[in-house]
Amino acid sequence: MKSFFYFFIIISCLFCFSCIKDELPNAEADIVSCEVDSEILKKDPIIQNERIQIFVKAFADLTSQAPVFTLSPGATISPKSGTTLDFTNPQFYTVTSEDGHSQKTYEVQYITSAIGSKYSFEHVRTENNKFDVFYEINQENQNIMDWASGNAGFSLTGTASNADDYPTSRLTAGKEGQGVKLITRSTGALGATMGKPLAAGNIFMGEFDLASSIINPLKSLRLGMPVEFVPYAVKGFFKYKAGNVYKEGNTENPNKKDTWDCYAIFFETDSNLKYLDGTNKFTHENIIAIARISPEARIETEEWTSFHIPFVFSNNWAIDQQKLEDGKYSITLVFTSSIDGDTFAGSEGSTLLLDEIEIIHE
């Protein structure tokens, strides 16, 4: 009986400790979501690291906007959520955690400029002193689009010591100026243990969802950016060299050789489809046209080699000019150093170099 009493006391203490621990102030200082008047939005706001990009229609009055933020539990924000501000230039918000020990400053930018169609990859920054992020600018030198990649997921492996060790990085000697270097990398001991020994180099128009990359990698690709043109071809320059050993999971396949891939998809967005992902990128009913490089063109070459890929349009689509002006049509452009990289298959060391990419349009 006495032992039962002591057991009851111990369990009670553990329960009380758990309750106290659960009630400790939250240490997170994040903006979780951002809401803007749906009448002016072209695309749901993109929240990446400490940057928020809000894509709005050309008629939006940037001098008087009041975005509303959802924060980490208990966190506060300054200026206050819903405050009307002039977003002709980016505004900065500071989020303080509930426990008061953590702070983050977010740059919030409203973007009315349409995404361009020529990409030379001359603009790149190093994110969090870890990996390279390529971005596009408008005529006013404002950042209007970050190129996405899987670098943020690769950073969790702990195998990279600098930006050049990541699957996606800058190429200092491109065809003209800088370019992009995509290399299929080993994910080290952690990746091998999880049956995901490789990470292909990739770069694409859209967002990379880090949380989904762990649970469901195919859902981590949020493909698509709003455009105001109708595309009919993609062209550019590349070099490619496949790695020596092809792996599917942790198993070598001597009968298979790695290759690269490039595709672009033009599609309509609506209330049910904000973006494509790895599960529906070639099959969704909202897809209007697809351009994908042919197997014959995926050659290995040490010289800068041009490619030209036409879009193939579905027969049952007609472009609505008003929807086009309102940003209801999106496009994604995707490159990868291993064509089966989304299933973590390929060859370590497969290298794709890119430069002077263009979407040809009307």
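For the stretch 56-64, does any single residue satisfy the condition of being over 21 Å from Asp326 (Cβ atoms) and in a strand (DSSP E or B)?
For the stretch 56-64, residues over 21 Å from Asp326 (Cβ atoms) and in a strand (DSSP E or B): absent.
Of the numbered conditions (1) under 18 Å from Met145 (Cα atoms); (2) open to solvent by 30 Å² or more (accessible area, probe 1.4 Å); (3) out of contact with any Asp or Glu (no Cβ under 7 Å at 6 or more places or on another chain), Lys43 satisfies every one except a single condition; which is it?
Condition not satisfied by Lys43: (2).
Taking only the stretch 193-207 into account, find how many residues are over 26 Å from Phe266 (Cβ atoms) and crowded, with 16+ Cβ neighbours inside 10 Å.
Residues in the stretch 193-207 being over 26 Å from Phe266 (Cβ atoms) and crowded, with 16+ Cβ neighbours inside 10 Å: 4 in total.
Scan the stretch 2-22 and tell me whether some residue there is open to solvent by 70 Å² or more (accessible area, probe 1.4 Å), modelled with pLDDT under 95 and closer than 27 Å to Thr105 by Cα.
There is at least one residue in the stretch 2-22 that is open to solvent by 70 Å² or more (accessible area, probe 1.4 Å), modelled with pLDDT under 95 and closer than 27 Å to Thr105 by Cα.
State all residues of the stretch 118-142 that are more than 17 Å from Val180 (Cβ to Cβ) and open to solvent by less than 40 Å² (accessible area, probe 1.4 Å); if no residue qualifies, say none.
Asn138
Taking the criterion of being over 26 Å from Leu182 (Cα atoms) and open to solvent by 10 Å² or more (accessible area, probe 1.4 Å), would at least one residue in the stretch 336-347 satisfy it?
Among the residues of the stretch 336-347, not one is over 26 Å from Leu182 (Cα atoms) and open to solvent by 10 Å² or more (accessible area, probe 1.4 Å), which makes the answer no.
I'm trying to understand the selection: among the residues of the stretch 72-89, which are within 26 Å of the chain's Cα centre (by Cα) and open to solvent by 40 Å² or more (accessible area, probe 1.4 Å)?
Pro73, Ser81, Thr88, Asn89
Please go through the stretch 161-186 and pick out each residue that is surrounded by 14 or more Cβ atoms within 10 Å (Cβ to Cβ) and over 19 Å from the mean Cα position of the chain (by Cα).
Matches in the stretch 161-186: Leu171, Gly174, Lys175, Gln178, Ser186.
All but one of (1) farther than 30 Å from Lys57 by Cβ; (2) free of Cβ contacts under 8 Å to residues at least 40 places away in the same chain hold for Asn316; state the number of the condition that does not hold.
(1)
Among the residues of the stretch 315-334, which ones are surrounded by 13 or more Cβ atoms within 10 Å (Cβ to Cβ) and more than 26 Å from the chain's Cα centre (by Cα)?
Trp317, Ile319 - these are the residues of the stretch 315-334 that are surrounded by 13 or more Cβ atoms within 10 Å (Cβ to Cβ) and more than 26 Å from the chain's Cα centre (by Cα).
Conditions first: (1) in contact (Cβ under 8 Å) with a residue 24 or more places away in the chain; (2) over 14 Å from the mean Cα position of the chain (by Cα). Met205 passes all but one, so which condition is the exception?
For Met205, the failing item is (2).
If you take the residues of the stretch 92-106 that are under 25 Å from the mean Cα position of the chain (by Cα) and open to solvent by 50 Å² or more (accessible area, probe 1.4 Å), which of them is farthest from Gln322 (Cα to Cα)?
Per the criteria, the residue is Gln103.
Residue check, Lys281 against (1) in contact with an Asp or Glu (Cβ under 9 Å, 6 or more places away or on another chain); (2) crowded, with 17+ Cβ neighbours inside 10 Å; (3) touching a residue at least 60 places away in the same chain (Cβ under 8 Å), all met but one. Which one?
The one condition Lys281 does not meet is (1).
The values are calculated or read from the model by the stated rules, or taken from the named source; none is laboratory data. The model shown is predicted, which means the values in this text are computed figures rather than measured ones. Counting neighbours? That spans all protein chains shown, and the Cβs are built from the backbone with ideal geometry, glycine included. Accessible surface areas use protein heavy atoms only, side chains included; no ligands, DNA or RNA. Shrake-Rupley method; radii C 1.70, N 1.55, O 1.52, S 1.80 Å.
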